[in-house]
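First the structure, in the form of structure tokens, and then the observations on it.
The values are calculated or read from the model by the stated rules, or taken from the named source; none is laboratory data. Nothing here was measured: the structure is a model prediction, and the numbers come from that model. In case anyone asks, the SASA skips ligands and DNA or RNA and just uses the protein heavy atoms, side chains included. Shrake-Rupley method; radii C 1.70, N 1.55, O 1.52, S 1.80 Å.
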Amino acid sequence: MTTRTSLQSRLGIGLTLGVTLLWLLGVTASGLVAQHEMNEVFDSALEETAQRILPLAVTDILNRENGTGNQTTPAMKDHDEYLTYLVRDQQGNLLLQSHDADPRVFGTLPKEGFLTTSTHRIYGASAVSDTLYIEVAEPLAHRREAALEAGLALLMPLIFLIPISLLGVWWIVRFSLRTVVEFQQSIESRGAGDLSPVVGDRLPKEFEPVSVAVNRLLERLHRALDTERSFTANSAHELRTPLATALAKVQRLKTQVQSNQLKTNVAEIEEALRSLSILSGKLLELAKAEGGGAISQNQHNLVPILAMIIADFEGQVPERIILTLPEREVNSFLDPDAFAILARNLIENAVKHGSQNQPVEVNLSANGTLRVCNGGKVVPADQLALLRNRFARSKTDANGSGLGLAIAEAIATGANIRLHLLSPATGRQDGFEAVLNLVDAR
Ligand SMILES: Nc1ncnc2c1ncn2[C@@H]1O[C@H](COP(=O)(O)OP(=O)(O)OP(=O)(O)O)[C@@H](O)[C@H]1O
Ligand SMILES: [Mg+2]
């Protein structure tokens, strides 16, 4: 699993959590303020009620015929009381109570002012020279219920705020990053051989340096590859010409000398010059293959190129190569020149190192798999693993410098193709097989 997360989800979750947290802090602060204010209002109502009822209660008690004893004020209509009250004398004797009042809620002796018990908020006031006391009680549960309702009302918007914030942030980030995504897709979709500058003029300002750096890098790469190509091409020319001239001169010399001893010596020089010429050609092919350029900007059909290469070999080894080509085109990003060098090296090996009395099979399938297969002794696995290295050769009677497979491997690697070497060949007890898929090139 990747540890990388998307900017969109990170910002969405982070900002939503932040907004929710801030909202909760705001709700707590305003809840506390609201509770404080509500308590003040409730207290003032409690006080006001006591002050209002007290004169009525005093008149009622003083007008009684027997003067003392508890009376319960009758309820006008059946109802629940939020506020209950008691009127008592200084010794705590009950004189009057509201119909729902529970005397256990109040203290044994009446007191003036505010008092909070575990269940009630009580306010006491006195009249007639502190001989009569009224106490009004309000259940704390009532206040708590009011505070809870206010808190819930403040929390309610969170239900909408969380999804709206998530959606809003997701959309804004997506909208802001769409040009970055387009930029990323344009880089991703281009072939490895496409070194033209990337278009980044619609990118947000923060990403501009990225496109500038990418383009600078592409330009440097382009220049380096061009220099490399022209250097190898020039070197090839510079080396080939003097070698060809020397070879021609030696050949002419061979016809002019009379002595057999001298003739043998000149023939040896001719042979050395010839293998030097082949070696220089292979070294230049290797330099070219390792310098990149195995990928081209466009796809090419490689079938006619392979047919042409086989036609060349037909001149050297008539009817030894059995070629199978697909009916339809095999298009690949593999550079046609690089493909020709790769195929030529593999086929040359099969012709050169394979058993001379067995055919060489070259097979290109419609899905792009190229197989070059020949008979001959099995190459031991430990040697087979080393053959791609430069100058590595296994036991063979044929001449060579040990560079052919290194060249083929460099081209395949440059085009992201895997070159498989098998010995014995597939479905046989002996022989050698090289397999690669040309359409993998990218
Ligand atoms: N088709 C093949 N059949 C059998 N052996 C092979 C085959 N191809 C390569 N080899 C073995 O792998 C070795 C390395 O091959 P490579 O093409 O790198 O060098 P080379 O053919 O000897 O020389 P060069 O290609 O530089 O002229 C060869 O010497 C040979 O022993
Ligand atoms: Mg070779």
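With distances taken between every two different alpha-carbon atoms, the chain has a Kirkwood hydrodynamic radius of 32.1 Å.
Measuring with a 1.4 angstrom probe and ignoring ligands and nucleic acids, TYR123 comes out at about 20 Å² accessible.
The aspartates and glutamates within cross-link reach of LYS205, meaning a Cα-to-Cα straight distance under 18 Å and a gap of 8 or more places when in the same chain, are GLU182. When the chain is treated as a Gaussian network with alpha carbon springs shorter than 10 Å, the biggest mean-square fluctuation among THR108, THR396, THR245 belongs to THR108. The separation of region 32-55 from region 191-241, counted between C-alpha centres, amounts to 83 Å.
Counting only residues at least eight positions apart within a chain, or on another chain, the lysines with an alpha carbon under 22 Å from that of LYS282 are LYS352, LYS395. Exposure check, 1.4 Å probe, all protein chains in place: ARG252 carries approximately 140 Å² of accessible surface. Taking the helices alone, the chain has a mean residue ellipticity at 222 nm of -18500 deg cm²/dmol, built from -39,500 (n - 2.57) per DSSP H run of at least 4 residues and averaged over all its residues. When the P(r) is computed for region 7-155, the part past 25 Å accounts for 44% of the Cα-Cα pairs.
Largest to smallest in accessible area, the residues LYS395, LYS254, LYS205, LYS282 fall in the order LYS395, LYS205, LYS254, LYS282 (1.4 Å probe, all protein chains included). Ordered by 1.4 Å accessible area with all protein chains kept, TRP23, TRP171 run largest first as TRP171, TRP23. Entry note, the chain: relative contact order of 11 percent, from Cα contacts under 8 Å with a spacing of 6+ residues. Taking 0.36 nm per residue of sequence separation and removing the Cα-Cα distance, the SER275/VAL210 pair yields an extension gain of 18.4 nm.
Going by accessible surface with a 1.4 Å probe and the largest first, MET308, MET38, MET156 read MET308, MET156, MET38. Backbone phi angles across region 145-155, fed through the Karplus curve with coefficients 6.51, -1.76 and 1.60 (θ = phi - 60°), yield HN-Hα couplings of 4, 5, 5, 5, 5, 5, x, 5, 5, 6, 7 Hz in residue order; Gly and Pro are listed as x.
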